[in-house]
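Take a look at the structure below.
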Amino acid sequence: MIFYYTGTGNSRYAALLLADLLDDTAVDAAPYLKSGLAASLSSQRPWVFVCPTYAWQMPRVFAALLRRSSFVGNRSAYFVLTCGSDIGAAGRALERLSDEISLEYRGVLPLVMPENYVAMFPVPQEEQAAPIVEAAHAPLAEAARQIAAEQPFQTRRLTLLDRLKSGIVNRCFYRFCVTARPFHTTAACNGCGRCAKMCVTNCITLQQGRPHWGKGCTHCMACLCGCPQSAVEYGKKSLGKPRYWCREYTR
């Protein structure tokens, strides 16, 4: 079973493609995240957890969901982390997480997908993103072959920089960067409420027909990138940047 969490669609695309290749089921974590409930899932096939990379680690909100959930049946755990370039030393934390949820860690695949962190990095235009998404098909096909055979993913030697990025840089990211305060809407906002519906942490509420950002933001950028009116900005950092949302996976 593929259990996935996605912000702006990259991980959903990867999860659905894997499900197609493996003839398996993909389950969206969003309802569990939004409700705060634990997932209770069963699968006789290996578990595959797919999510974005936030500052060279699995998003804390998804890791917390895995810890409070139960996974019955097969004991193998594979991870696929979508990223703009690399995942640092995220595998070390994923191995510990697997132990916590009583699964056997079988490795992590860093899957390069288009950058979507509008609050900090340049974001590609649609024509630039398309070939990056297409290039992800080959590593996912190889990952599917290994998962079907229950072979571990290949590991790589970690550098000091990998450890720093997934360690102190990740902690600084959550402490100093992850805040909802700069989010605001422009006059283009029509109060449709899509941002609030998409927000898995319920950080966004509608007040007098306009979105209001409170506590619990995880910086997934779904509200900013998924606004039909392109009416959400993040301070001045998002001004003039494209809004990236991964296209839907189709066979």
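The values are calculated or read from the model by the stated rules, or taken from the named source; none is laboratory data. These numbers were taken from a predicted model, which means no experiment stands behind them. Glycine gets a Cβ as well: all are built from the backbone with ideal geometry, and neighbour counts include every protein chain shown.
For the reader, a short list of remarks on this structure follows.
- Qualifying residues in the range 135-150 (those that are touching a helix residue (DSSP H, G or I) at 6+ places or on another chain (Cβ under 9 Å) and in contact (Cβ under 8 Å) with a residue 40 or more places away in the chain) - the one farthest from GLY84 (Cα to Cα): ALA148
- Note on the range 1-114: enclosed helices (runs of 4 or more DSSP H) holding 2 or more residues that are buried (at least 20 other Cβ atoms within 10 Å of the Cβ), modelled with pLDDT of 95 or more and not hydroxyl-bearing (Ser, Thr, Tyr) are 10-22, 60-68, 90-100.
- Number of positions in the range 208-237 that are under 27 Å from MET58 (Cβ atoms) and hydroxyl-bearing (Ser, Thr, Tyr): 2
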